[in-house]
Amino acid sequence: MPFEFQELDIPDVLLLHPKVFVDERGFFKEVYKSSDFFAAGIRKPFCQINHSLSKENTLRGLHYQKKPFAQAKLVRVLKGEIFDVAVDIRQGSPFYGKHVSVTLSAENHKMLFIPVGFAHGFLTLSAEAEVEYLSSDVYAPEHERGIVYNDPALNISWPLKNPVVSKKDSNSPILQQADNNFVYEK
């Protein structure tokens, strides 16, 4: 299998370690293989791919889309390094309001699978970071929502005190006031 699927402290969020084949020419790796993802429990296919470029100290998030356009995401870094965060916002979840964080980089090749019902954000740690997101549903701006990145109830230890944040993200509500229609299902 070309992937190792590692459960994190919130078991529904997976850190993927792709098998990387390196030689004198460079490297090769598989990023997505439906049969392997299906076997690991990731059963909804991806239908949209997004690519962003962020400068150092940029914080994007915490973003999600409400149902019926809720998105699972597979996040990977093509260039640079990010501190990536997924927050469980499924009402009734034993992990509600908890988060996991990992460092993703072009060098470590790791990818983060974030299921539906989670808010996502990241902080750029390198001079620039190019991030690619595979999404399980299309972008639907009328369903796009956010949670402010520094909500004290989330207790996220961002590795930078004063990041560069968009006005829209800075004005997002705290989790308790967020417009959210996710309910935990076992």
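Miscellaneous remarks
- Spans of strands (runs of 3 or more DSSP E) in segment 1-55 with at least 1 residues touching a residue at least 24 places away in the same chain (Cβ under 8 Å) and out of contact with any helix residue (DSSP H, G or I) (no Cβ under 9 Å at 6 or more places or on another chain): 14-18, 20-23, 26-29, 48-55
- Contact map, segment 161-186: first residue touching a residue at least 40 places away in the same chain (Cβ under 8 Å), second residue among the polar types (S, T, N, Q) and part of a loop (DSSP other than H, G, I, E, B), Cβ cut-off under 6 Å, separation 6 or more or different chains; pairs are PRO163/ASN57; VAL164/ASN57; TYR184/SER93.
- For segment 56-74, the tally of residues that are assigned to a strand (DSSP E or B) and hydrophobic (A, V, I, L, M, F, W, C) stands at 3.
- The residues of segment 60-104 that are among the aliphatic types (A, V, I, L, M) and in contact (Cβ under 8 Å) with a residue 60 or more places away in the chain, listed by number, are LEU62, ALA70, ALA72, LEU74, VAL85, ALA86, VAL87, ILE89, VAL100, VAL102.
- Which listed residue, of HIS109, HIS99, is surrounded by 20 or more Cβ atoms within 10 Å (Cβ to Cβ) and over 15 Å from ARG60 (Cα atoms): HIS99
- For ARG60, the test of being under 17 Å from SER172 (Cα atoms) and within 11 Å of the chain's Cα centre (by Cα) is passed.
- Subset of segment 155-186 (residues that are basic (Lys, Arg), in a loop (DSSP other than H, G, I, E, B) and more than 19 Å from ILE89 (Cα to Cα)): LYS161
- Residue in segment 75-84 that is at pLDDT below 95 and charged (D, E, K, R) present: no
- Which listed residue, of GLU107, GLU144, is charged (D, E, K, R) and in contact (Cβ under 8 Å) with a residue 40 or more places away in the chain: GLU144
- Counting the residues of segment 132-167 that are under 16 Å from LYS66 (Cβ atoms) and of a type in the set (D, E, K, R) gives 4.
The values are calculated or read from the model by the stated rules, or taken from the named source; none is laboratory data. Computed from a prediction, not measured in an experiment: that's the story for all the values here. When we count neighbours, we look across all protein chains shown, and the Cβ atoms used for this are built from the backbone with ideal geometry, even at glycine.
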